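To start, the structure itself, in structure tokens.
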Amino acid sequence: MTITKEILSQLPGDVVSGLERADRSLASLRAGNTTIPTVIKEDSQPLDTVEWDVIICGGTLGIVIGCALALRGVKVAVMERGILRGREQEWNISRPELDVLLELNLLTPEELDQAIATEYNPARVGFAGGTEVWVKNVLNIGVYPAFLLETIKQRFLAAGGKLLEHTPFTEAVVHANGVMVNQQFSTKLLIDAMGHFSPIVKQARQGKKPDALCLVVGTCAQGFPENTTGDLLLSFTALENQCQYFWEAFPAKDGRTTYLFTYMDADPQHLGLTALFDDYFRLLPEYQGVELAQLNFQRALFGFFPSYRQSPLQTPWQRILPVGDSSGSQSPLSFGGFGAMLRHLKRLTLGIHQALKTEQLSVKALNLLQPYQPSLSVTWLFQKAMSVGVNQKIPSDRINQLLSAVFEEMQNLGESVLKPFLQDVVQFPGLTKTLLKTNFSQPILVIKLIPQLGLFSLLDWMVHYINLGIYAVLFTLSPMLEPLLKYLPNKYLYYWHRWVDAWKYGSGGDYSGHQ
């Protein structure tokens, strides 16, 4: 028996079987054998009656936006295939990102304090052979999902929301005036919050293989040496298995959580989750300075996150809107999930509310709620620089050298450049300064990187980089036009507000105040 199976078999639940299922799903995705479901159909006939304003499929994070809408008087139902409850493992986030929960009245300040299970400082970024960078107040808060979701669920129900537990989504028929869900529930708008592997997303993407994958494995365990710091992005090994391994570590309420993750394309020859877990247990003692025998493992965590260049996803159907991981609105460097949902929560809540009030539920109108964002698109080049093709030959320390050089320059430029990037926000001024300084300090390293990235990728990236600057200018200028717009009909105001949102988030302008 491998060390992975030996340790995982001792944990509650059939973790080994779950890992094997995840590996089979990963292999199927890489091979392009995923079944394309037909869960969305269209019917030109109008519905006799429409019961709900919004139905949200996928309750774990759907309840968050569902509650925000219900508190604005929207008639909302949330469908969840099981019982809606949060997991035991904390969600790590930066404190200012939680303020939106207070702003939208989803939690009181006292409830938010109760939801925070752990808090630590500082956090480290480091690469083998390079300098270490330490930052404070980035992903240093551990939120307890079970308490958070239960509290929001109760607020949702008190606001008149309807929770449909043990009600998996099976199908939807889009009519001229609404959507019939599961042949039972009718709604003006269907929101898909079922995540990366939503059947609606699968149908919309028509079996397209992801452009990139992030594989993650980890555990929460007790028995580590006392350590009140964390790691955000740490590498201490050269390339292995055509992968650069990165680590994260956070203090948790019942131990210490450590993750090993790596980026890659969707080539079937890349390693799977079980192989990555084998390397995790092999390298963990060196990483944390502790023998495996000294650790008491509480739970295991594993998964893979697909990313598509064509993101955020814009569905071909009216009255259907993907949000959160379903929409692919996180960068290919991110795990998505809670942080990505909170980042867009206010924008989506206000936008959906306005879309319902003005009946802007067409394909064109809803696609403006998941617009092109240069701040996400430019990160594709970073993901490519941190991954290696299965047959690509590069020096084993290339990625560590590059990242060490880039983060050293960002540290020299200060927290206004470093901290947004670590929170998955890219801004034109900070990116430009970093690129210029890295080009001057490490010209040979940058030149050697060009063949690894490829000319097409560089040219494609240049377009997004220029757009990042254009969006920053448009967002800066947009307040000057606001006084001229107050006489516009509500329909046109809806479009204007969506454009401003696109410029704001597409330029990283939503980061204001997060420092």
inquiry  = Taking the conditions exactly as written (touching a Lys or Arg at 6+ places or on another chain (Cβ under 9 Å) and at pLDDT 95 or above), does residue 263 satisfy them or not?
reply    = yes
task = Would you mind finding the one in 381, 361, 369, 418 that is touching a Leu at 6+ places or on another chain (Cβ under 9 Å) and part of a helix (DSSP H, G or I)?
result = 381
query = residue 189 passes all but one of (1) in contact with a strand residue (DSSP E or B) (Cβ under 9 Å, 6 or more places away or on another chain); (2) on the phi > 0 side of the Ramachandran plot; which number fails?
reply = (2)
key: Answer residue from the range 255-303, given it is of a type in the set (Ser, Thr, Tyr) and within 25 Å of residue 207 (Cα to Cα) and is farthest from the chain's Cα centre (by Cα) among those   = 274
query = Assuming residue 390 fulfils every condition listed in (1) in a helix (DSSP H, G or I); (2) in contact with an Asp or Glu (Cβ under 6 Å, 6 or more places away or on another chain) apart from one, which condition is it?
reply = (1)
ask   = Which of the following residues is touching a Phe, Trp or Tyr at 6+ places or on another chain (Cβ under 6 Å) and closer than 28 Å to residue 329 by Cβ: 403, 413, 422?
value = 403
ask   = Taking residue 47, is it farther than 22 Å from residue 356 by Cβ and either in contact with a strand residue (DSSP E or B) (Cβ under 6 Å, 6 or more places away or on another chain) or assigned by TED's automatic domain parsing to the domain that holds residue 175 (or both)?
value = no
ask   = modelled with pLDDT of 90 or more, within 23 Å of residue 132 (Cα to Cα), outside any loop (DSSP other than H, G, I, E, B) and assigned by TED's automatic domain parsing to the domain that holds residue 469: does that describe residue 429?
value = no
request  = Filter the range 206-254 down to the residues that are part of a loop (DSSP other than H, G, I, E, B) and β-branched (Val, Ile, Thr), then identify the one that is nearest to the chain's Cα centre (by Cα).
outcome  = 229
task = Taking residue 347 as the residue in question, decide whether it is under 19 Å from the mean Cα position of the chain (by Cα) and either acidic (Asp, Glu) or not assigned by TED's automatic domain parsing to the domain that holds residue 505 (or both).
result = yes
task = Please verify whether the range 132-155 includes one or more residues that are part of a loop (DSSP other than H, G, I, E, B), among the hydrophobic types (A, V, I, L, M, F, W, C) and over 25 Å from the mean Cα position of the chain (by Cα).
result = no
key: Tally, over the range 227-243, of residues that are acidic (Asp, Glu) and surrounded by 17 or more Cβ atoms within 10 Å (Cβ to Cβ)   = 1
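Table: residues versus (1) in the same structural domain as residue 493 (by TED's automatic domain parsing); (2) farther than 30 Å from residue 174 by Cβ; (3) in contact with a helix residue (DSSP H, G or I) (Cβ under 8 Å, 6 or more places away or on another chain); (4) polar (S, T, N, Q).
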{"position": "273", "(1), (2), (3), (4)": "no, yes, yes, no"}
{"position": "278", "(1), (2), (3), (4)": "no, yes, yes, no"}
{"position": "294", "(1), (2), (3), (4)": "no, yes, no, yes"}
{"position": "322", "(1), (2), (3), (4)": "no, no, yes, no"}
{"position": "330", "(1), (2), (3), (4)": "no, no, yes, yes"}
{"position": "355", "(1), (2), (3), (4)": "no, no, yes, no"}
{"position": "362", "(1), (2), (3), (4)": "no, no, no, yes"}
message = Can you tell me which condition residue 191 does not meet? The list is (1) assigned to a strand (DSSP E or B); (2) under 21 Å from the mean Cα position of the chain (by Cα); (3) in the same structural domain as residue 294 (by TED's automatic domain parsing), and all the others hold.
response = (3)
task = Determine the pairs where a residue that is under 21 Å from residue 460 (Cα atoms), located within the range 382-393, has a partner that is β-branched (Val, Ile, Thr) with Cβ atoms under 8 Å apart, the partner being 6 or more residues away or on another chain.
result = 385/399; 386/399; 387/262; 388/394; 388/399
query = Among helices (runs of 4 or more DSSP H) lying entirely in the range 1-80, which contain 1 or more residues that are surrounded by fewer than 19 Cβ atoms within 10 Å (Cβ to Cβ) and without any contact (Cβ under 8 Å) to a residue 60 or more places away in the chain?
reply = 3-8, 15-31
message = For the range 192-199, check the following and say yes or no: at least one residue is over 24 Å from residue 304 (Cβ atoms) and of a type in the set (Ser, Thr, Tyr).
response = no
request  = List every residue pair whose Cβ atoms lie under 6 Å apart, where the two residues are 6 or more positions apart in sequence or sit on different chains, the first residue falls within the range 213-226 and is in contact (Cβ under 8 Å) with a residue 12 or more places away in the chain and crowded, with 19+ Cβ neighbours inside 10 Å, and the second residue, located anywhere, is of a type outside the set (Phe, Trp, Tyr) and in a loop (DSSP other than H, G, I, E, B).
outcome  = 213/266; 221/295
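The values are calculated or read from the model by the stated rules, or taken from the named source; none is laboratory data. It should be emphasised that the depicted structure is a prediction, and the values quoted were computed from it without experimental measurement. Every residue, glycine as well, gets a Cβ built from its backbone with ideal geometry; the counts of neighbours run over all protein chains shown.
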